[in-house]
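> Take this structure, written in structure tokens, and hold onto it; I'll ask about it next.
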Amino acid sequence: MSTLDRIKDLAAKEFSIDAAGLDPAAPLDTLGIDSLSFIEFMFKIEEEFGVSVSDEDLRSIKTLGDLERHVAAALAAAGKT
Amino acid sequence: MGSARRVAITGIGIVSPLGQSLDEFHAALQAPRSGVVRLPEEIAKRTGIQVAASVDWDASRHFSAGEAANTDRVAQFAVVAATQALTASGLDLAGADRDRVGVYWGTGMGGATTLEASYERVYGKNDWRARPLTVVMAMNNAAGSNVALKHGLRGPFANFSTACSSSAMALGEAMRTIAAGRADAIVAGGSEALLVPGTLSAWYALRTMAPADPEDPAASCKPFDKRRSGLVLGEGAAAFILEDESYARSRGARIHGYLSGYGNTCDAAHLSRPDRSGQARAMRQALAEADLPPESIGYVNAHGTATAVGDVVECEAISEVFGASAVPVSSTKSMHGHLLGGAGALEMAAALLALEQGILPPTAHLEQPDPACTVRHVARNAERIAPPRAVMSNSFAFGGSNVVLVASRD
């Protein structure tokens, strides 16, 4: 399963939405994900992938696609890919 | 209450060890049936506490997986009880001015499960990354806030945390807010969910917890009995819809009765030892506010936790206030355990069985009354009387807080 698919699956579970219909380019707030929910979700993403996303990077994440890129970069930096 | 508005009770919601609706709760009280059970062996061994009254809870019946994971058990109970109560009241929130519908809630410990999970992670696993939702799930006002959020209730909001009198205080203060014309309706009640090992062990340390009855664990809590051995913790929630009488009547609501009296005193004597005079003053205050003589009270739901000292002091205080009128008294904690912050609201719901139907729920397992507890007991089995004019419910808390509520039939 690709990193994006894993993220979509986790998001679907966290927010009770359909993974298949998740657009990686859609702004998070249009998916009904507010800032508090997103911080909690990021905590689970960090646990799932064993990575850490800085506060600065976190602020730049506006879509699930952005999130995937940050996770992929963190995995690469940790030599996990 | 003079010219103040009367406050009608129009809906009740229950999540309890005795069932998850008012009807189930009342049926169990009447049977009588106890919800006290043995705790799993590994919890009993670690914490010392052998029995509790827990709720048979399936969060997936009420919440999505995501909602359930992000809402503490104490708030889940609150939301479900409040929603039940709103449905039962028939209050059409879509058509109501929700700026005038509030939430007054009570809880002793708040999100104990969340807090304990966080500490388990930090101290138990040496993992210092706490869940981001820890604060908003564990905070004491989260249960009431979740109720407001769920139903869009934007009126007055308050959260009371006075240990075992929390939800009784929420009901009393809600009554006064409505009587003063500051809200049309308030969802008032309380919830507690602290049957987690760290909290259980703290309670055990107080040395006031009943061990399991060797023959019948369900009979471990024996208020007013010579054989009583302490309290049994419970969990759950009870919610009331309280309304300005004219508002309730204008929409043709079914009125269960009126919340008419509220006494609130502090012992200022000791953090945990009960005080007869503080309790008696609270009972007298409640009667005075309801404008009723003691003889009009047909049933008292006692605080009655089954501790050695507490039961005696409460019986003395009741005798002081009621004198020779020999009002029937019971402690339904013998069946549903001690819901702490949720106790006052749940026990007022028990008292309504007496007010509406004349059925007095008993102190279950009361076979050998302590001669020092000289009140007119409703012992072992429910009794039936002509529906009384009014009923009383006592809630006395650690910290010296005494809250007494009176509900009237008309």
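The values are calculated or read from the model by the stated rules, or taken from the named source; none is laboratory data. Remember, it's a predicted structure, so these values are computed and weren't measured experimentally. When we count neighbours, we look across all protein chains shown, and the Cβ atoms used for this are built from the backbone with ideal geometry, even at glycine.
> Could you list, in sequence order, the residues of the range B:43-77 that are under 19 Å from the mean Cα position of the chain (by Cα) and part of a loop (DSSP other than H, G, I, E, B)?
B:S54, B:V55, B:D56, B:W57, B:D72
> Continuing with the same structure: Return a yes/no flag: does the range B:201-213 have any residue that is touching a His at 6+ places or on another chain (Cβ under 9 Å), closer than 18 Å to B:T332 by Cα, modelled with pLDDT of 95 or more and surrounded by fewer than 24 Cβ atoms within 10 Å (Cβ to Cβ). Show your work before the answer.
In the first step, residues of the range B:201-213 are kept if they are touching a His at 6+ places or on another chain (Cβ under 9 Å); the result is B:213.
Filter once more, keeping what is closer than 18 Å to B:T332 by Cα: B:213.
Those still in the list that are modelled with pLDDT of 95 or more too: B:213.
Filter again for surrounded by fewer than 24 Cβ atoms within 10 Å (Cβ to Cβ), leaving B:213.
Yes - at least one qualifying residue is present in the range B:201-213.
> Test of understanding: among B:R254, B:R228, which residue is within 22 Å of B:G310 (Cβ to Cβ) and either assigned to a strand (DSSP E or B) or charged (D, E, K, R) (or both)?
Working: B:R254 fails: within 22 Å of B:G310 (Cβ to Cβ).
Every option except B:R228 fails the conditions.
> Could you list, in sequence order, all residues of the range A:1-18 that are at pLDDT below 90 and either over 22 Å from B:F63 (Cα atoms) or touching a Lys or Arg at 6+ places or on another chain (Cβ under 6 Å) (or both)?
Result: A:M1, single match.
> Please work out which residue is surrounded by the fewest Cβ atoms within 10 Å (Cβ to Cβ), limiting yourself to the range B:332-373 and to residues that are of a type in the set (S, T, N, Q) and part of a helix (DSSP H, G or I).
Taking the range B:332-373 and keeping what is of a type in the set (S, T, N, Q), we get B:332, B:334, B:357, B:363, B:368.
In the following step, the residues that additionally are part of a helix (DSSP H, G or I) were identified as B:334, B:357.
On the way: B:S334: 30, B:Q357: 13.
Selected residue: B:Q357.
> A further question follows. Determine if the range B:64-79 includes at least one residue that is assigned by TED's automatic domain parsing to the domain that holds B:R154 and over 30 Å from B:R154 (Cβ atoms). Let's see the steps before the verdict.
Here is the first cut: in the range B:64-79, the ones assigned by TED's automatic domain parsing to the domain that holds B:R154 are B:64-79.
After this cut, where a residue has to be over 30 Å from B:R154 (Cβ atoms) as well, the list is none.
Within the range B:64-79, not a single residue is assigned by TED's automatic domain parsing to the domain that holds B:R154 and over 30 Å from B:R154 (Cβ atoms).
> Now for a different question. Go through (1) more than 28 Å from B:L195 (Cα to Cα); (2) at pLDDT below 95; (3) of a type in the set (A, V, I, L, M) one by one and return the number of the condition B:I255 breaks.
Status for B:I255: all satisfied but (2).
> I've got another one for you. Being touching an Asp or Glu at 6+ places or on another chain (Cβ under 7 Å) and assigned to a helix (DSSP H, G or I) is the filter here; which residues of the range B:257-280 pass it?
Selection gives B:R276, B:G278, B:Q279, B:A280.
> How many residues does the range B:261-306 contain that are within 11 Å of B:F396 (Cβ to Cβ) and of a type in the set (S, T, Y)?
So the count comes out to 3.
> Among the listed residues B:E289, B:E295, B:E314, identify the single one that is acidic (D, E), closer than 23 Å to B:V51 by Cβ, part of a helix (DSSP H, G or I) and not assigned by TED's automatic domain parsing to the domain that holds B:A81. If you could, list the steps in order and put the result at the bottom.
Values: B:E289 fails: closer than 23 Å to B:V51 by Cβ; B:E295 fails: closer than 23 Å to B:V51 by Cβ.
Of the residues listed, the single one that is acidic (D, E), closer than 23 Å to B:V51 by Cβ, part of a helix (DSSP H, G or I) and not assigned by TED's automatic domain parsing to the domain that holds B:A81 is B:E314.
> Here's something else I'd like to know. Restricting to the range A:6-63, name every residue that is acidic (D, E) and away from chain B (no Cβ under 14 Å).
Taking the range A:6-63 first, the residues acidic (D, E) are A:9, A:14, A:18, A:23, A:29, A:34, A:40, A:46-48, A:55-57.
Correct list: A:D23, A:D29, A:E56, A:D57.
Let's see how each residue does on (1) in contact (Cβ under 8 Å) with a residue 12 or more places away in the chain; (2) of a type in the set (D, E); (3) outside any helix (DSSP H, G or I); (4) touching a Pro at 6+ places or on another chain (Cβ under 6 Å):
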| position | (1), (2), (3), (4) |
| --- | --- |
| B:V79 | yes, no, no, no |
| B:L86 | yes, no, no, no |
| B:D99 | yes, yes, no, no |
| B:G102 | yes, no, yes, yes |
| B:W105 | yes, no, yes, no |
| B:G108 | yes, no, yes, no |
| B:A117 | yes, no, no, no |
| B:W128 | no, no, yes, no |
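> Do we have any residue at all in the range B:144-166 that's on the phi > 0 side of the Ramachandran plot, touching a strand residue (DSSP E or B) at 6+ places or on another chain (Cβ under 8 Å) and more than 14 Å from chain A (Cβ to nearest Cβ)? Walk me through it before giving the result.
Pass one, the range B:144-166, residues on the phi > 0 side of the Ramachandran plot: B:152, B:163.
Cutting the leftovers down to touching a strand residue (DSSP E or B) at 6+ places or on another chain (Cβ under 8 Å) gives us B:163.
Of the ones still in play, those that are also more than 14 Å from chain A (Cβ to nearest Cβ) are B:163.
Taking every residue of the range B:144-166 in turn, at least one turns out to be on the phi > 0 side of the Ramachandran plot, touching a strand residue (DSSP E or B) at 6+ places or on another chain (Cβ under 8 Å) and more than 14 Å from chain A (Cβ to nearest Cβ).
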